[in-house]
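One structure, as structure tokens, below. Some questions next.
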Amino acid sequence: MSKQFVSINGLCARIDDGEAHKEILRGVDLEIPAGEVHAIMGPNGSGKSTLSYVLAGREDYEVTGGTATFKGQDLLALEPEERAALGLFLAFQTPVELPGVNNANFLRTAVNAVRRARGMDELDAVAFLKAVRKETKHLSMSDEMLKRNVNVGFSGGEKKRNEVLQMRMLQPSFAILDETDSGLDIDALRIVAEGVNSLRSPDFSALVITHHQRLLDYIVPDRIHVMAKGRIIHSGGPELARQLEAQGYAQFLSEAA
Amino acid sequence: MPAVAETRKTVETLGQNTYKWGFETDIEMDIAPKGLNEDTIRLISSRKNEPQWLLEWRLKAYRSWLEMREPTWAKVHYPPIDYQDVHYYAAPRKKPGPKSLEEVDPELLRTYEKLGIPLHEQAMLAGVELPEGEEARPPVAVDAVFDSVSVATTFRKTLQEAGVIFCPISEAVQEHPELVRKYLGSVVPVTDNFYAALNAAVFTDGSFVFVPKGVRCPMELSTYFRINARNTGQFERTLIIVEDGASVSYLEGCTAPMRDENQLHAAVVELVAMEDASIKYSTVQNWYPGDENGKGGIYNFVTKRGACRGARSKISWTQVETGSAITWKYPSCILQGEGSVGEFYSVAVTNNHQQADTGTKMIHIGRNTRSTIIAKTISAGQSDSTYRGLVRMMPKAAGSRNFTQCDSLLIGDRCGAHTVPYIENRNMSARVEHEATTSKISEDQLFYCRQRGLSEEDAVGLIVNGFCKDVLKELPMEFAVEAQKLLQISLEGSVG
């Protein structure tokens, strides 16, 4: 496996904002080696969520320059579901509600779709239920959540746990967590962090997007990047989180300017 | 916006699927010449060996039809229909009943095969006698309507033992004339509306069900309607009578072969529920909807009505409508008996150039009557779909309640969905509730599903089935599975 597991070079993207194009990513460079967890921090509107959407293949954004590869493949040429099959997972900042769609049924459909695409046998109902029960127990989720409709009527914390449940069931090799810590109390945060940490292995990388140093106490990253105005403006080790918490982004922003 | 463009692209590919049930059976037919006059009606009546009263009844309907005008209030558009350019009678040529499958017209068997009817049922449908015991195995009794004539009826014996009569209505006219004469036209009078009058004049066959006092029908009853002969109008007449404390669940499934000309279909269904009786009537309709340019397809002008005559009786309509070029259909309940219950659960899917104007009428006459209406409308392509429903509380309907929920889901930006509720309340203590929503499948939902590995098509299927869940769960199990498949097939390619 190549050392540069996820490789992003000069990535530029914009969104159609009515008549005008709005540039959001202005040349993002980021390398995440296999087995590493990186974090991105930065002020609101710096392009953190956009980066996660562009990597996952959301069609509202137009990529205007640069490259992004994952496991040596041109990520930008793939459909969203092909990226998922390749092992990319995005934990949404705002998980989407699917009225009338049973949570367990959705999860099983998704799991079997990626298993098919990865050349694995589909899970039958019994095997699936066994696997999912194991995970819900880890995440302290009740079975009742599997019977409800996807994210409908879930509390903020339940939605985030549900994202982590999906992530664990889909067994990604590269997970992007977009502010998964927002709206979580300290116990839920610990459970979610544990759900991510136990996936850590030489074949699993993650990109954690967060506003708060708190999450990084539980998911300790190998590298931290500061993003502002559509670019990575500073990178450092895990100690950077505390520095940012204490001093804010101001010094990096003025340096970048 | 690229996302919308994507959806539009997928909607455009929608119509290019070949109609899965597009086939035609070539067997010897006995066809009346085109056109409608008293002689046509006399011919139909004499071919069916009918008693004089029924001929008079037909003629009365015909004479009132001549005075009536085709309704124009529905939100559907189609070229004028030439009622003189239609065959009003077509029957497979009758031979004496076959003794084995080898004697059955192989074309007919092939048709059953394409419809997915299991072999042992095929034999029974074709009227072949099987050894004892075999007929009890399948839980569904099928009365197949092949064009206008019921070719055969199955499970007659099991039903007979329970006292249930389930047979072609033409046979009921011969065997149980007193029942037919008493109830035929008692719910939908011959003068009710243009299409119902036409049906009364020229109906050729259909199903008849009678469940006597206190009997729970031991199996689900099912009819497969097929429209087959070219240019043949299909005029089915169904009559279901359920006596005090009895109950029945009736399934109606429809498929039709592909063809170019528009085909006229004007069925009438009458249900009668006496005291504490219950009738569940489920329909899955996937007649040929026309091609992606709106060419061809069935014109479906149907009158379905149930009368809750007895106290605490219940009539429940469930329909999944995915086919036909034009649907004009309002399965209704007349809630006469005190505390009687009417239900209407509907999913209507239109695509390409399909037009549907469908809904229900709940007429509350008795005290403490209740009705529930759940209507789900899905529009894609350039189709247009209207929910039209009437809730009427009569002066004596004290303490009666209605709840109506109409939800529309739009796929793409060239289709239409409309909700037209009529509410008339003449009793101060009656309560009527109406809720309506319109939504589109959001790009957020599609992206979320695709990020989890689902193809766009599977994502749409999942979301649409979720949207319809409240209705689909009302269908009997074997129909629910078919209906889910049908929804997916109907919207295939609507994205991706």
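Could you list, in sequence order, the residues of the range A:185-203 that are open to solvent by 70 Å² or more (accessible area, probe 1.4 Å) and in contact with a Ser or Thr (Cβ under 7 Å, 6 or more places away or on another chain)?
Answer for the range A:185-203, where residues must be open to solvent by 70 Å² or more (accessible area, probe 1.4 Å) and in contact with a Ser or Thr (Cβ under 7 Å, 6 or more places away or on another chain): just A:D203.
Which ranges mark the strands (runs of 3 or more DSSP E) fully within the range A:21-134 that have 1 or more residues being more than 20 Å from the chain's Cα centre (by Cα) and within 14 Å of another protein chain (Cβ to nearest Cβ)?
Correct list: A:61-70, A:98-102.
Within the range B:447-460, can you find the residues that are small (G, A, S) and surrounded by fewer than 24 Cβ atoms within 10 Å (Cβ to Cβ)?
B:S455
Which one of these does B:N368 not meet: (1) surrounded by 24 or more Cβ atoms within 10 Å (Cβ to Cβ); (2) more than 20 Å from B:V269 (Cβ to Cβ); (3) over 19 Å from the mean Cα position of the chain (by Cα)?
So the condition that B:N368 fails would be (1).
For the range A:128-142, which positions are open to solvent by 60 Å² or more (accessible area, probe 1.4 Å), modelled with pLDDT under 90 and under 12 Å from A:M169 (Cβ atoms)?
The answer is A:H138, and nothing else.
Condition check: crowded, with 16+ Cβ neighbours inside 10 Å and acidic (D, E). Does A:D178 satisfy that?
In short, yes.
Mind listing just one residue for me: the one in the range A:149-170 that is in a loop (DSSP other than H, G, I, E, B) and at the interface with chain B (Cβ under 10 Å from one of its Cβ atoms) and, of those, nearest to A:L88 (Cα to Cα)?
This residue is A:N151.
Taking the condition of being open to solvent by 10 Å² or more (accessible area, probe 1.4 Å) and of a type outside the set (S, T, Y), how many residues in the range B:291-301 meet it?
5
I've got another one for you. Would you be able to say whether some residue in the range B:427-436 is within 14 Å of another protein chain (Cβ to nearest Cβ), closer than 26 Å to B:Q319 by Cβ, of a type in the set (K, R) and in a strand (DSSP E or B)?
No: the range B:427-436 contains no residue that is within 14 Å of another protein chain (Cβ to nearest Cβ), closer than 26 Å to B:Q319 by Cβ, of a type in the set (K, R) and in a strand (DSSP E or B).
Could you list, in sequence order, all residues of the range B:447-475 that are more than 28 Å from the chain's Cα centre (by Cα), facing chain A (nearest Cβ under 7 Å) and in a helix (DSSP H, G or I)?
Correct list: B:F447, B:Y448, B:R450, B:Q451.
Here are some conditions: (1) open to solvent by less than 30 Å² (accessible area, probe 1.4 Å); (2) in contact with a helix residue (DSSP H, G or I) (Cβ under 6 Å, 6 or more places away or on another chain); (3) free of Cβ contacts under 8 Å to residues at least 40 places away in the same chain. B:Q484 meets all but one. Which one does it not meet?
The single condition B:Q484 does not satisfy is (1).
The values are calculated or read from the model by the stated rules, or taken from the named source; none is laboratory data. Because the structure is a prediction, the values reported are computed rather than measured. Backbone-built Cβ (ideal geometry, glycine too); neighbour counts: all protein chains shown. In case anyone asks, the SASA skips ligands and DNA or RNA and just uses the protein heavy atoms, side chains included. Shrake-Rupley method; radii C 1.70, N 1.55, O 1.52, S 1.80 Å.
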